[in-house]
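Comments concern the structure below.
Bear in mind that the values in this text are calculations on the coordinates, not laboratory data. Since the model is a prediction, treat every value here as computed from it, not as a measurement. FYI the Cβ positions are ideal-geometry reconstructions off the backbone, even for glycines, and counts take in every protein chain you see.
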Amino acid sequence: MDSTESENFSIIVPIFHEAKNIPELIKRIAQINFGSRMFEVVLVDDDSRDGTEEIVHHLQLQYPWLRLLVRKEKKGLSESVLEGFQQAKYPVWVIMDADLSHPPEKIPQMLAALAESHVDFVVGSRYVPGGSSDEMWPLLRRASSRLAAFIARILVAVPVRDPLSGFLALKKEIVQTGDPIEPVGWKIGLEIMVKCRCRHIREVPIHFTQRARGVSKLNLRVIFNYFRHVGRLAVFKLFSVSS
Ligand SMILES: Nc1nc2c(ncn2[C@@H]2O[C@H](COP(=O)(O)OP(=O)(O)O)[C@@H](O)[C@H]2O)c(=O)[nH]1
Ligand SMILES: [Mg+2]
């Protein structure tokens, strides 16, 4: 692989009932200048049946780099990202949500950070200087997000301010050389940082926008699984310190 091929990237977007957000997301991505890098967008849908397929087929006439994977048996957000990993055709992966909470215009900066020597993982971060969240985000959600991030930093000891971000950039090789990825919840980024023993993690400030259309799929089960996940990762870390 030559140096330009190694910079090509796949943007993996897990989606569930996001038909209303997809056109704007894709149009915003299409307007970004990625230089000579080739890219694709891989939408991984858990069979939403909300018109997503028709909308994507229409957009594909204009954007040949847009792909849609529809999984007939819904298995969840992280599993959809793992499916995206399997199907991605480029060696650099960006993961982001579809609801426009994550600004795609930050992708070039995230890729530039990932290209710096030694950097093995990049997080689009709300909690570093320059980062922010919409004021509209309900206070309770903001406070619980901060608390969940704090718990992860203490228990799992990942050296990042926003360990729960779902806006990520990484190289395929880091996943291939790490321990198996087996997230029990939504936090695939946390799982990768721990299991792949990422040491040089960079955070790029982002403004996190409250979703304008559709509804969040966060529920009590997701929160419960989050605590199970953090517990498992804390145990993994404990036993892998000496390895
Ligand atoms: N494929 C798939 N995507 C999901 C699932 N649950 C959530 N998503 C997507 O994951 C992203 C984050 O979910 P969201 O509901 O916005 O969660 P929040 O940002 O924590 O409120 C969005 O792009 C969702 O469409 C799921 O079960 N399967
Ligand atoms: Mg969201």
With springs only between Cα atoms under 10 Å apart, run a GNM on the chain and tell me which of R67, R142, R211 wobbles the most.
R142
Inter-probe distance in nm under a simple model that places probes 7 Å from Cα toward Cβ, at E135 and F236:
3.9
Over what distance in Å are the Cα centres of the stretch 176-204 and the stretch 89-151 separated?
14
For R197 and L220, FRET efficiency with R0 = 45 Å and r from the beta-carbon atoms, rounded to 0.05?
0.90
Semi-axis lengths (Å, descending) of the ellipsoid that matches the C-alpha gyration tensor of the stretch 30-161:
28, 21, 16
Between I32 and Q62, what is the label-to-label distance in nm when each label sits 7 Å out along the Cα-to-Cβ direction?
1.8
Where labels lie 7 Å past Cα in the beta-carbon direction, separation of R213 and L147 in nm
3.3
Residue-by-residue Karplus 3J(HN,Hα) for the stretch 51-60, coefficients 6.51, -1.76, 1.60, Hz, glycine and proline x:
x, 3, 4, 5, 4, 5, 4, 5, 5, 5
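What is the diffusion coefficient of the stretch 111-243 in µm²/s, taking the Kirkwood radius over Cα pairs and the Stokes-Einstein relation at 4 °C with a viscosity of 1.567 mPa s?
Approximately 83 µm²/s, per Stokes-Einstein.
Quickly rank 131-140, 157-166, 184-193 as a protection proxy: mean count of other C-beta atoms within 10 Å, highest first.
So the peptides 131-140, 157-166, 184-193, ranked by packing, come out 184-193, 157-166, 131-140.
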Could you rank the peptides 177-183, 86-92 by their average count of other C-beta atoms within 10 Å per residue, with the highest value first?
86-92, 177-183
Of every Cα-Cα pair in the chain, the percentage lying beyond 35 Å is 8
Can you work out ³J(HN,Hα) from phi for every residue in the stretch 63-75, in order, using Karplus 6.51 cos²θ - 1.76 cosθ + 1.60 and θ = phi - 60°, giving whole Hz and x for Gly and Pro?
10, x, 7, 9, 10, 10, 10, 10, 9, 6, 10, 5, 10
Percent relative contact order of the chain, based on C-alpha pairs within less than 8 angstrom and at least six residues apart?
23
Please report Y63, Y127 as a ranked list, fewest other C-beta atoms within 10 angstrom at the top and most at the bottom.
Y63, Y127
Subtract the Cα-Cα distance of I154 and D50 from 0.36 nm times their separation in residues, and report this length gain in nm to one decimal.
33.4 nm
